[in-house]
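Novice: Below: one structure in structure tokens.
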Amino acid sequence: MGVTTVAPLVEAPTPDLIDLLSALPTPALLYDLDNLRRSMIRLAADVATAGDAELNLALKSCHTPRVLAFLAGLGLGADVASAGELRLAVEAGFPRITATGPSFRAADLDLLDQHGVLLDASSIEQLEELCTARPGTAVGPVSYT
């Protein structure tokens, strides 16, 4: 039986990036987009082995518009937990957006509908509010009246 070699999900920064880090004033955020691209390609390949599963980014992990647009360009989807995150996801151009979060209320349904996003309710109370606001409307795979 042979030994399987597994590539690391994140690789060490290049020497050029290390040099850049030492030259930057602090505090600073620096994104290694080459490493991020490699990691996302590896993760997407792993997720693709699970049938129809797709890789989504939780927008709460990053609100930097340029980085979000970069990730959207890689084909990742976005999962949003608020109306503000939904706006960021739309502006970044994510091809697929999902929504889960207790902050969503019935008042957000028009915004979600406008962008074709179906909300996954986080609690029975949230589900009841949504169903009360729109009786007879599809919620997930079921219709409530």
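Novice: Can you name the residue in segment 34-53 that is outside any helix (DSSP H, G or I) and out of contact with any helix residue (DSSP H, G or I) (no Cβ under 7 Å at 6 or more places or on another chain) and is also nearest to VAL10 (Cα to Cα) among such residues?
Specialist: If we take residues in segment 34-53 being outside any helix (DSSP H, G or I) and out of contact with any helix residue (DSSP H, G or I) (no Cβ under 7 Å at 6 or more places or on another chain), then THR49 is nearest to VAL10 (Cα to Cα).
Novice: Further, regarding this structure: Condition (residue is open to solvent by 60 Å² or more (accessible area, probe 1.4 Å), in a loop (DSSP other than H, G, I, E, B) and touching a strand residue (DSSP E or B) at 6+ places or on another chain (Cβ under 7 Å)) applied to segment 58-65: is it met by at least one residue?
Specialist: Of the residues in segment 58-65, the ones open to solvent by 60 Å² or more (accessible area, probe 1.4 Å) are 60-61, 63, 65.
Subset that is in a loop (DSSP other than H, G, I, E, B): 63.
With the extra rule that they be touching a strand residue (DSSP E or B) at 6+ places or on another chain (Cβ under 7 Å), the set shrinks to none.
No - not one qualifying residue is present in segment 58-65.
Novice: Sticking with this structure for a sec: Kindly provide the set of residues from segment 88-100 that are surrounded by 17 or more Cβ atoms within 10 Å (Cβ to Cβ) and within 21 Å of ALA53 (Cβ to Cβ), ordered by number.
Specialist: ALA89, PHE94, ILE97, THR98, ALA99
Novice: Further question: When you scan segment 75-89, do you find a residue that is over 20 Å from GLN114 (Cα atoms), in contact (Cβ under 8 Å) with a residue 12 or more places away in the chain, outside any loop (DSSP other than H, G, I, E, B) and in contact with a Gly (Cβ under 8 Å, 6 or more places away or on another chain), even just one?
Specialist: No.
Novice: Which residues, counting only those in segment 90-115, are under 17 Å from LEU59 (Cα atoms), not in a helix (DSSP H, G or I) and not aromatic (Phe, Trp, Tyr)?
Specialist: GLY93, PRO95, ARG96, ILE97, THR98, ALA99, THR100, GLY101, PRO102, SER103, HIS115
Novice: Quickly run through segment 90-126 and pick out the residues that are of a type in the set (Gly, Ala, Ser) and either touching a Leu at 6+ places or on another chain (Cβ under 9 Å) or touching a residue at least 60 places away in the same chain (Cβ under 8 Å) (or both). Before the answer, list the steps.
Specialist: Kept after step one, since they are of a type in the set (Gly, Ala, Ser), are these residues of segment 90-126: 92-93, 99, 101, 103, 106-107, 116, 121-123.
If the condition is that a residue be of a type in the set (Gly, Ala, Ser) and either touching a Leu at 6+ places or on another chain (Cβ under 9 Å) or touching a residue at least 60 places away in the same chain (Cβ under 8 Å) (or both), then ALA92, GLY93, ALA99, GLY101, ALA106, ALA121 are the ones that fit.
Novice: Next question, about the same structure. Can you tell me which residues in segment 1-17 are at pLDDT below 85 and either outside any loop (DSSP other than H, G, I, E, B) or closer than 17 Å to LEU74 by Cα (or both)?
Specialist: Once the filter is applied, which keeps residues that are at pLDDT below 85 and either outside any loop (DSSP other than H, G, I, E, B) or closer than 17 Å to LEU74 by Cα (or both), segment 1-17 yields LEU9, VAL10, LEU17.
Novice: Now, a different point. Does segment 128-140 hold any residues that are at pLDDT 85 or above and open to solvent by less than 40 Å² (accessible area, probe 1.4 Å), and which are they?
Specialist: Answer for segment 128-140, where residues must be at pLDDT 85 or above and open to solvent by less than 40 Å² (accessible area, probe 1.4 Å): LEU130, CYS131.
The values are calculated or read from the model by the stated rules, or taken from the named source; none is laboratory data. All figures in this text were calculated on a predicted structure; none of them were measured in a lab. Note that we place each Cβ from the backbone using ideal geometry, even for glycine, and neighbour counts take in every protein chain shown. Only protein heavy atoms, including side chains, enter the accessible area calculation; ligands, DNA and RNA are left aside. Shrake-Rupley method; radii C 1.70, N 1.55, O 1.52, S 1.80 Å.
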